[in-house]
Amino acid sequence: MKIAIVTNKVHSVGGVQNSSKLLSKIFKERGHETTIIGEESLPVKAQKDLEIAVGEYFNQKNKSENFDVVLCNGECGYSVEHPKAVNVFRGNYYGYAMAVRDLVEHEVTEERLQKVNMQKISAEGKYIVTISEFAVKGLNDSGIKVDKIIRNCIDMDIFYQINTEISDSAIASSRGMWYEKGFDILEKLAGKGIKTKLFSDLIIDSPNILNMGFFANGDLCEEYNKAQIFLNPTRFEGGGLTTLEAMACGCPVLTTPTGYGFDIKDCIPNFVAEPDNINEFLEKHVLITNERERYSKQALDYFWTFHNPEKFKREWIDLIENI
């Protein structure tokens, strides 16, 4: 089969790009020809919305390539025309806007809400996949009906447990959106004495924060393994890959009840704290780091039970080959 993945950017650092690369790898190993189409594929720079431009480029390319199936990431399916199109929503603008509407400028919320209709139009006539139970509500509130949930996984050739000495520092990794990703919470935790290595394009000015910039995924594996704990105080996620990366490396996590934290809280309550309850974060940080080995095993067990790589492969191959 010939499969296309239509996305915003091919080579940018981010969860969408990593997920696209993993799916492409799975399909290729299965013997399918896979092409990722994004901004870098365009013959000239987009003069209008990138989401519209990449879809229109796919339509033109499809006339000669005759793709059997196309996967569209989020609103990048807006202008895609194909009888076998899957739209994958890893988040949604409605939930995103509502989660931080009291923390950001009104204009920012309005801009995000305007994107809701674009996602709804993108979904029309396509098979809709999302990555978590938590994401379903935001999509339903956006007027998008979900056909299937396929829980995310990560590339096990990159992230895995290794034997190493555990440091006295936490780790955090996220693109720098201050309130959305909880950087204000990380700053407060640092002010309470929690040492953290931060891998991000954003800098937090604190003696307890070691700002590392972005690292390649392959280099992060060792960092997850030797960290005391992974901190992800996000206020909105469809289902964050970094949480899964940490757990696959045996690193305990402390996140919020959004995205995969919504599910984790029922199985490992100490891994989840309310985003604006700093005392709860501090208390659970102490509990986890004092028994790091026990919680490391719980993190691994949870990952292999709920995000099993083989199950992830089977579900995606079955969908693509039988749609």
*Which one of the conditions (1) crowded, with 17+ Cβ neighbours inside 10 Å; (2) more than 19 Å from Y93 (Cβ to Cβ); (3) touching a Lys or Arg at 6+ places or on another chain (Cβ under 7 Å); (4) hydroxyl-bearing (S, T, Y) does S173 fail to meet, given that it meets all the rest?*
(3)
*Test for R314: is it basic (K, R) and in the same structural domain as C221 (by TED's automatic domain parsing)*: no
*Which one of the conditions (1) surrounded by fewer than 18 Cβ atoms within 10 Å (Cβ to Cβ); (2) closer than 25 Å to E29 by Cβ does R294 fail to meet, given that it meets all the rest?*
(2)
_Restricting to segment 74-88, give me the number of residues that are polar (S, T, N, Q) and either over 10 Å from V129 (Cα atoms) or at pLDDT below 95 (or both)._
1
*S24: surrounded by fewer than 22 Cβ atoms within 10 Å (Cβ to Cβ), in contact with a strand residue (DSSP E or B) (Cβ under 9 Å, 6 or more places away or on another chain) and small (G, A, S), yes or no?*
yes
*Could you say which residue among I162, I209 is hydrophobic (A, V, I, L, M, F, W, C), surrounded by fewer than 17 Cβ atoms within 10 Å (Cβ to Cβ) and more than 21 Å from the chain's Cα centre (by Cα)?*
I162
*Among the residues of segment 14-32, write down those that are in contact (Cβ under 8 Å) with a residue 24 or more places away in the chain, basic (K, R) and assigned to a helix (DSSP H, G or I).*
K21, K25
*Name the residues in segment 27-54 that are of a type in the set (D, E) and crowded, with 20+ Cβ neighbours inside 10 Å, would you?*
E51
*asked:* Being β-branched (V, I, T) and over 28 Å from V104 (Cβ atoms) is true for just one of I149, I171, I144. Which residue is that?
replied: I149
*Can we say E245 is under 30 Å from I3 (Cα atoms), at pLDDT 95 or above and in a helix (DSSP H, G or I)?*
yes
_Single match in K115, K28, K21 (criterion: basic (K, R), under 24 Å from the mean Cα position of the chain (by Cα) and under 22 Å from L244 (Cα atoms))_ = K21
_If a residue must be charged (D, E, K, R) and more than 28 Å from Y302 (Cβ to Cβ), how many such residues does segment 119-163 contain?_
4
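Table: residues versus (1) among the polar types (S, T, N, Q); (2) farther than 18 Å from L103 by Cβ.
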{"site": "T243", "(1), (2)": "yes, yes"}
{"site": "M247", "(1), (2)": "no, yes"}
{"site": "P252", "(1), (2)": "no, yes"}
{"site": "I278", "(1), (2)": "no, no"}
{"site": "K284", "(1), (2)": "no, yes"}
*Is one or more of the residues making up segment 248-258 polar (S, T, N, Q), in contact (Cβ under 8 Å) with a residue 12 or more places away in the chain, farther than 19 Å from T196 by Cα and not in a helix (DSSP H, G or I)?*
yes
*Does any residue of segment 276-291 turn out to be closer than 19 Å to E187 by Cα and assigned to a strand (DSSP E or B)?*
no
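The values are calculated or read from the model by the stated rules, or taken from the named source; none is laboratory data. As the structure is a prediction and not an experimental result, all values here were calculated from the model. Using ideal geometry, Cβ is built from the backbone for each residue, glycine included, and neighbour counts are taken over all protein chains shown.
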